[in-house]
Every structure is written in C-alpha cells, then in structure tokens.
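The values are calculated or read from the model by the stated rules, or taken from the named source; none is laboratory data. Predicted model only: the values in this text are computed from it and were never measured. Methodologically, a virtual Cβ is constructed for each residue, glycine included, from the backbone with ideal geometry; neighbour enumeration extends over all protein chains shown. Ligands, DNA and RNA are excluded from the accessible area calculation, which covers all protein heavy atoms including side chains. Shrake-Rupley method; radii C 1.70, N 1.55, O 1.52, S 1.80 Å.
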Amino acid sequence: MAEIIVVTSGKGGVGKTTTSASIACGLARRGKKVAVIDFDVGLRNLDLIMGCERRVVYDFVNVTHGEATLKQALIKDKRFDTLFILAASQTRDKDALTKEGVEKVLKDLEADGFDYVVCDSPAGIEKGAYLAMYFADTAVVVVNPEVSSVRDSDRILGLLDSKTRKAENGETLKPYLLLTRYSPSRVEGGEMLSIKDVEEVLGLKTIGVIPESGDVLNASNKGEPVILELESQAGQAYDDAVGRLLGEERPLRFTTVEKKGFFNKLFGG
C-alpha cells in the first residue's frame, strides 16, 4: 500500500512546499516510487520549486474532473526516474477539488505501484487543506519557532485528530514536527522558541530541524529542492528528516551555537 504523507501547517510561508519537494526527492533518492501533489489550487508553487513549471500541461483538477488521465498529468522528474509531480491548477477556485476526486487519484497512484504520495497542503483550514489531510497516514507539521506559527499549528493538530479518515475509523494518524528557519543563536538570545518549547506546546516528536539559511531561497529560485544541495546544512537537515521518516536513528544537527575555538577568538575568525 502507498503511504500518504501530508505536509501541513496553520500558517503560510513556513516552508511547506520546500519541505514537500525535499521529502519527495529524499524518498526517491532512496529508490522509492513517489508522487508529490500540489493541493494549493489557484496558486501553484510546487512545480516552480521542482523546476518543472514549463512542462505542466494538465493539472490535478483536470484529472479529478475527468478532463485528463493521471498518466497525462503526472510530470516525471528529470533527476529521479521514480519521482512524479502533479501540479495544482492556477485558474480554478478552491472548490474545484472534491473528496471523491482526490480519493480516485490516490487509489490510482496506489494501483500504479507508488510507495509514497506526498500531499503539499495549502496553509490554514480551508477545503484544499482539509482534502490534503483527509486520506493521510502520516502528517509532517511544519512550524517556525515563533508563537503565532505554533499557535496556528495547534489548531491543525485538532483537525488531524478529528477530521481525517483515520480519525473517523478510530485509528491514529502519525503526526511529526518539522521546525524550519531555526537559529540556535536567536534561541540562546531568547528571540526564538527552542525545540523543547515547541515540542511541549504541540506534544509532537521532532522529525527534523532545518536551520535558517539563504540556501533554501537560492535553491527554490533555481528550481532545485534544497535537499539536493548536499553541501548545505539545510539540505543535510532535510535528508536527516527523511531518514527519520523511514525509521533511521539520526542525531539532530545544527541545533546548537558553534563555539569558537581559541585560535578563532585570537585571530577574529
């Protein structure tokens, strides 16, 4: 069976699409057959970050409305043979998706032998976000370590506990916390919540901590998911997160301030 992972948050601009693209690439790099779907109808950013915006002919809504087949709409990634992207529509409104249409697409992906389906959710609690999470087995809740982001994500956890198919069937959905734009120096200075602070408020296990880095924006502008930038701390942190999703034991990195050695201090390094 395909495992369905929703990447969600209560607040916009926290890095959901970057996270969805990186998780999908990380799984494909490990040989998994992966589809990543953009549920943000009307906006559409996933194809930009994946670097395939010029190859979009048919989209998710076309498929759910029977205007195109799934095979016609899936875009094969140029880097990984086992990775496929299903773009959102830029021209339809948010009511264009239906639960029945989404369920059919997910069942067809499973029938085609996909191991994972990553659902890139829009922010908040509107219809697209609800449909992105409804069929999920696992949720990655993306949070910036600030009070407003944490508070809004707490609302999302309530929906994951009550408004998903697993909740309706009395089953448990696996939620994980992924912290983005984390700055250990700002945490030390009291300007930012710590990992422990956020875990205590949300009651979630941390699957990844992505350091604040210009590499994320640079990678997005190039149409290259940051996980593929192996020299980047953010890329390495995303790879660690994918490893943990697959059950690997990995220590959290890039979460403490680097202490300067004696010679660094002496020579101002």
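In the chain, which longest range has no GluC sites (Glu not before Pro) that are both DSSP loop (not H, G, I, E or B) and surrounded by at most 16 other Cβ atoms within 10 Å?
The segment 1-66 is the longest one with no such site.
What would the Debye equation give as log₁₀ I(q)/I(0) for the stretch 1-132 at q = 0.21 Å⁻¹, counting only Cα atoms as equal point scatterers?
-1.31
Once the Cα gyration tensor of the stretch 1-43 is diagonalised, what are the square roots of 5 times its eigenvalues, in whole Å and ordered largest first, as equivalent ellipsoid semi-axes?
Rounded to whole Å, the semi-axes are 21, 12, 9.
Using the structure shown, list the pairs from 76/163; 33/76; 33/104 with a Cα-Cα distance above 23 Å, or answer none.
Long pairs (Cα-Cα over 23 Å): 76/163.
Suppose R0 equals 30 Å. What FRET efficiency, 1/(1 + (r/R0)^6) with r the Cβ-Cβ distance, do residue 79 and residue 201 give to the nearest 0.05?
0.20
Per residue, what accessible area does the chain have, given a 1.4 Å probe and all protein chains present, in Å²?
47 Å²
Report the one residue of 116, 97, 82 whose Cα lies farthest in the direction of the positive end of the charge dipole of the stretch 74-131 (charges on C-beta: Lys and Arg +1, Asp and Glu -1; origin at the Cα centre).
97
Report, in whole Å, the centroid distance computed from the Cα atoms of the stretch 164-205 and the stretch 29-58.
26 Å
Could you tell me what percent of the accessible area of the stretch 1-144 is made up of carbon and sulfur, with a 1.4 Å probe and every protein chain present?
Answer for the stretch 1-144: carbon and sulfur cover 48 percent of the accessible area.
Hey, rough spin-label estimate for residue 222 and residue 53, points 7 angstrom out along Cα→Cβ, what's it come to in nanometres?
A separation of 1.7 nm, rounded to one decimal place.
Under a point-charge model restricted to the Cβ atoms of Lys and Arg (+1) and Asp and Glu (-1), what is the dipole moment magnitude of the chain relative to its Cα centre, in debye to the nearest 20?
Rounded to the nearest 20 debye, it is 340 debye.
Which residue fluctuates the most in the chain, going by a Gaussian network model with Cα springs under 10 Å, if the choices are 25, 119, 52?
Taking springs between Cα atoms under 10 Å, the residue moving most is 52.
When the dipole is taken about the Cα centre of the stretch 50-126, and only Lys, Arg (+1) and Asp, Glu (-1) are charged at their Cβ, what size is it in debye, to the nearest 20?
It works out to roughly 300 debye.
Suppose only helical runs count, i.e. DSSP H with n ≥ 4. What mean residue ellipticity at 222 nm does that imply for the chain under -39500 (n - 2.57) per run, divided by all residues and rounded to the nearest 500 deg cm²/dmol?
-11000 deg cm²/dmol
Positive end of the dipole of the chain, charges at C-beta (+1 Lys, Arg; -1 Asp, Glu), about the Cα centre: which of 31, 236, 61 has its Cα farthest in that direction?
236
Report, largest value first, the span of the C-alpha coordinates of the stretch 161-256 along each principal axis, in whole Å.
Largest to smallest, the principal-axis extents are 43, 34, 26 Å.
What shape does the chain take by its C-alpha gyration tensor, where a ≥ b ≥ c are the square roots of the eigenvalues and a/c under 1.5 counts as rounded, a/b above b/c as prolate, and the rest as oblate?
prolate
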